[in-house]
1. Going by the conditions given, is residue 8 exposed (fewer than 12 other Cβ atoms within 10 Å of the Cβ) and either among the basic types (Lys, Arg) or at pLDDT 90 or above (or both)?
2. For residue 4, state whether it is assigned to a helix (DSSP H, G or I) and in contact with a strand residue (DSSP E or B) (Cβ under 8 Å, 6 or more places away or on another chain).
3. Mind listing just one residue for me: the one in segment 34-57 that is part of a loop (DSSP other than H, G, I, E, B) and not aromatic (Phe, Trp, Tyr) and, of those, farthest from residue 9 (Cα to Cα)?
Amino acid sequence: MADASGLKWDRCLADTAVKTVTGLGVGMAFSFLVFKRRTWPASLGAGLGFGMAYSNCQHDRRLPHLLHGHMVKDQQ
């Protein structure tokens, strides 16, 4: 069961990194192209990416018995 928890944490950290960096990149692109190099679009994009990743991790951690569509029995 420890391996399953480690896999979930790894997936959450990877998802957080990808979504935060992608949001930051999109925000920077909009900042350079549309908003005359202001900082708020990049901050907003990074925050939205981090928030989406946090929500996905929270959902993944709340379902401890599902692992890739297979039901895992309790160890009790």
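The values are calculated or read from the model by the stated rules, or taken from the named source; none is laboratory data. It should be emphasised that the depicted structure is a prediction, and the values quoted were computed from it without experimental measurement. With ideal geometry, Cβ positions are generated from the backbone for all residues, glycine too; neighbour counts draw on all protein chains shown.
1. It is false that residue 8 is exposed (fewer than 12 other Cβ atoms within 10 Å of the Cβ) and either among the basic types (Lys, Arg) or at pLDDT 90 or above (or both).
2. yes
3. Only one residue fits best here, namely 36.
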